[in-house]
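This report refers to the structure that appears directly beneath it.
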Amino acid sequence: MKIYFDNAATTPVDNEVLKEILPYFSKEFGNPGSIHFIGRKAQEAVDFSRKRIADYFGIEFENVVFTSSATEANNFIIRGLIKKFEFDNQKLKESEKIVPNIIVSKIEHESILETCRDLEKFNRALVTYLDVDKNGIVDLKQLKNSLRKETILISIMNVNNETGVIEPIKEISKIIKEFKESKLQIKNQNKYSLNDLKYPVFHTDAVQALNILKEIKLIDLGVDFMTISGHKSYAPKGIAALLINSNLRDFKQELIMPIITGGGQEFGWRSSTENVGGIIGLAKAIELIEISQAKENIKFQNFKKILKEGILKIYPKAVINSPLNSISSILNVSFPNFTSEELIYKFDKEEIAISAGSACSAKALKPSYVLKAMNLTDKIINSAIRISFGKQNSISEINYFLTKLPEILNKN
Ligand code: PLP
């Protein structure tokens, strides 16, 4: 039996998604930018898909900006915002110039953290890395205390990719809103600068939330920008999007600038010929999520419960690192006395695919910075594995995992 329990790294493409996109690789291969009938056909498909996605997230058609990956979308929001800030600040006298502040959590994906570190290297931003508690929840008190007039962006992920913890996005949004209002109240109305009105903005990386959480509309969560990615939700790799809250309207032009320039596709936000198949696939995958999410969640909750109980029965020393407030499809668990590496290897020999945390760091097998931020001991961190479910998994696979587990642990 070959088992794939690494769906937080990537999912297979759904058959219905594949069926819908295949014609666009052959018969309907046009470039949406072409004026002729073949190009128009591709453009129609892109428009239809964009509308589908916009409706799902409760935003306007022109507020869906397709990118090649969530990594790119995360780079776009951070670098695009800094670029606009620096552009505006060119006009200021040297003495008036400030270094903007960005606030993120210590457990963001590398595409956020490394982008922030890169900006810090060039003194283009001062970054605040918020602590998390033992469950991985962002320290809201520290957030409140960290907000300052230089803060232009807060980026906190909706769901963490290693433990599945769900961050309190609505509460964070409320804190940011209150800060913004208090900032404006303190100032005399005549003395508002455009920067006071503009900043800070709130972005969330919702890559791991997309196919699991029901509450995903930007307006309901109170976020200005959101990142999603196709390949964690049964669409192909190479397609993702930065979503923009429609409340921002034309104001978004005051906030961000494109980082990929060229032919002006994606309303000028991101040039490059559209990934037509990917876009169609992402829209179809989202349509399927809407239909099957509730059912899949019940299934995953059951899987997680059986697996948790089964693991603790077989190996009482196991430590569950995914808190109660985590998504149904991710279970992070440590087996002290083993290392993540040897566990992955042993499961692999049994043709069971699991991971040690995020896919990117898994190959290098660095100790997890996410678990470290949760203040877990080295023993727990170095023996953690991540089991993540997808809709193709079955209960017999969960049972098979549990029957193999004693053998795997005894072979040590
Ligand atoms: N953000 C989170 C939370 C992720 O889990 C991932 C993928 O592991 C990414 C961003 C990057 O996604 P992509 O592979 O589309 O660049």
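The values are calculated or read from the model by the stated rules, or taken from the named source; none is laboratory data. Note that the structure is a prediction, hence the values are computed from the model and not measured. Please note: Cβ atoms are built from the backbone with ideal geometry, for glycine as well, and neighbour counts cover all protein chains shown. Just so you know, the surface numbers come from the protein's heavy atoms only, side chains and all, with ligands and any DNA or RNA stripped out. Shrake-Rupley method; radii C 1.70, N 1.55, O 1.52, S 1.80 Å.
Some points to look at:
- Within region 176-193, residues that are closer than 15 Å to Leu143 by Cα have Cβ atoms under 6 Å from residues that are modelled with pLDDT of 80 or more and not aliphatic (A, V, I, L, M) in these pairs: Ile176/Phe202, counting only partners at least 6 apart in sequence or on another chain.
- So Ile82, is it surrounded by 17 or more Cβ atoms within 10 Å (Cβ to Cβ) and hydrophobic (A, V, I, L, M, F, W, C): yes
- Residue within region 37-50 that is on the phi < 0 side of the Ramachandran plot, touching a residue at least 24 places away in the same chain (Cβ under 8 Å), open to solvent by less than 50 Å² (accessible area, probe 1.4 Å) and within 16 Å of the ligand (Cβ to nearest atom) present: no
- Residues satisfying the stated conditions in region 138-170, i.e. of a type in the set (Asp, Glu) and either open to solvent by 10 Å² or more (accessible area, probe 1.4 Å) or away from the ligand (no atom under 16 Å from the Cβ) (or both): Asp139, Glu150
- Failed item in (1) open to solvent by 80 Å² or more (accessible area, probe 1.4 Å); (2) under 30 Å from Gln293 (Cβ atoms), with Ser111 passing the rest: (1)
- Annotation for region 6-19: at least one member residue is among the acidic types (Asp, Glu), within 16 Å of the ligand (Cβ to nearest atom) and under 29 Å from Asn160 (Cα atoms).
- Filter result (within 16 Å of the ligand (Cβ to nearest atom), open to solvent by less than 10 Å² (accessible area, probe 1.4 Å) and not β-branched (Val, Ile, Thr)) within region 206-220: Ala206, Ala209, Leu210
- Answer from Ser26, Ser69, Ser34 - the residue that is at pLDDT 95 or above, surrounded by fewer than 21 Cβ atoms within 10 Å (Cβ to Cβ) and within 16 Å of the ligand (Cβ to nearest atom): Ser69
- Tally, over region 306-324, of residues that are closer than 30 Å to Phe57 by Cα and surrounded by fewer than 14 Cβ atoms within 10 Å (Cβ to Cβ): 1
- When Ile3 is tested against (1) open to solvent by 30 Å² or more (accessible area, probe 1.4 Å); (2) more than 20 Å from the chain's Cα centre (by Cα); (3) away from the ligand (no atom under 16 Å from the Cβ), exactly one condition is not met: (1).
- Here Ile176 fulfils each of the conditions (1) open to solvent by less than 80 Å² (accessible area, probe 1.4 Å); (2) within 16 Å of the ligand (Cβ to nearest atom); (3) in a helix (DSSP H, G or I) apart from (2).
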